[in-house]
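Written out below as structure tokens is the structure these notes cover.
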Amino acid sequence: MGIIYSIIRFLCSKTQTEDEESGRSQFLVHQPNHFFDIVTTLDNRTQWRVVVAAAVDDVRWIKHYSSRHRILVVGDGDFSFSASLAVAFRTASNMTATSLDSLEFLKSNYGYAASNIDKLKSRGCQVMHEIDATVMASKKPFKDLKYDRIVFNFPFAGFYKSYSIKYQLFRHKGLVNQFMRNAREMISEDGEIHISHKTNAFHIDWDLESIASLHRLRLIEAVKFNLGDYPGYHTKCWFGGDNYFNCNPSRTYKFGLVTTNVRSY
């Protein structure tokens, strides 16, 4: 069964979403079981942007992610990325969303963390705190599970501005290296590891593809990351900063297992 593409406009229903802190009003415009657009009203001006989200046979998509994928999100700041997926899927029993921080820390430092967590739990998502993505593959329940998509957006090891660039790279690349080592053990045969990462300044020198090759992971593709593809997602400053950081320019790097082709004669 093919996917029927359509552009839904004012004839469709509108559901307002929360974006009060930016002063914008967002609406999901949707036709049940098909597609939705996003309308963003800013200073009485209306802008339309079609978001790739679809449902076929009750399978819902938002960008790279499907409601049938077993999805693990790690290091999700205020859980706004996970909440964006869950809202698009309408049900999130296929998802596990984790944070390195405790629930108390999140509530104290991120204004929308509690409401995002409520959105996830009300849709059946498993929400877990104090989960270290660099060692999780050896811990329960993760060591017994496989995922179709493991997502780590904008990994960051901390602020080391008083140290040399070489040392900063060492720390950040070390985080990505340990994450990939763990994530590799947790993806299904056709699963993917997604890392969204900035592509300017010294971020280029993180060289994600080379790190992946150390763990027999191959780059499937690297596609432009667009924040607007994920309604309600806010890229938060690290370690409790409730401000946003500029994620442009950036890409989503998709990695998969290196497969060995064995010929039979």
Pair list, Cβ under 7 Å, 6 or more apart: region 96-116 residue in contact (Cβ under 8 Å) with a residue 60 or more places away in the chain, other residue among the basic types (Lys, Arg): Tyr110/Lys236
Helices (runs of 4 or more DSSP H) wholly inside region 56-124 that include at least 2 residues being open to solvent by less than 10 Å² (accessible area, probe 1.4 Å) and in the same structural domain as Arg149 (by the TED database): 80-89, 113-122
Filtered residue count, region 228-249, keeping only those that are buried (at least 16 other Cβ atoms within 10 Å of the Cβ), under 21 Å from Tyr110 (Cβ atoms) and modelled with pLDDT of 75 or more: 7
Residues satisfying the stated conditions in region 103-118, i.e. at pLDDT below 95 and of a type in the set (S, T, N, Q): Ser108, Asn109
Some residue of region 211-223 being open to solvent by 30 Å² or more (accessible area, probe 1.4 Å) and under 17 Å from Ile71 (Cα atoms): no
Of all residues in region 173-224 being over 25 Å from Thr259 (Cα atoms) and of a type in the set (D, E, K, R), the one that is modelled with the highest pLDDT: Lys224
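The values are calculated or read from the model by the stated rules, or taken from the named source; none is laboratory data. Bear in mind that the values here come from a model prediction, so they are computed numbers and not experimental data. FYI the Cβ positions are ideal-geometry reconstructions off the backbone, even for glycines, and counts take in every protein chain you see. Keep in mind that these areas ignore ligands, DNA and RNA; they rest on the heavy atoms of the full protein, side chains included. Shrake-Rupley method; radii C 1.70, N 1.55, O 1.52, S 1.80 Å.
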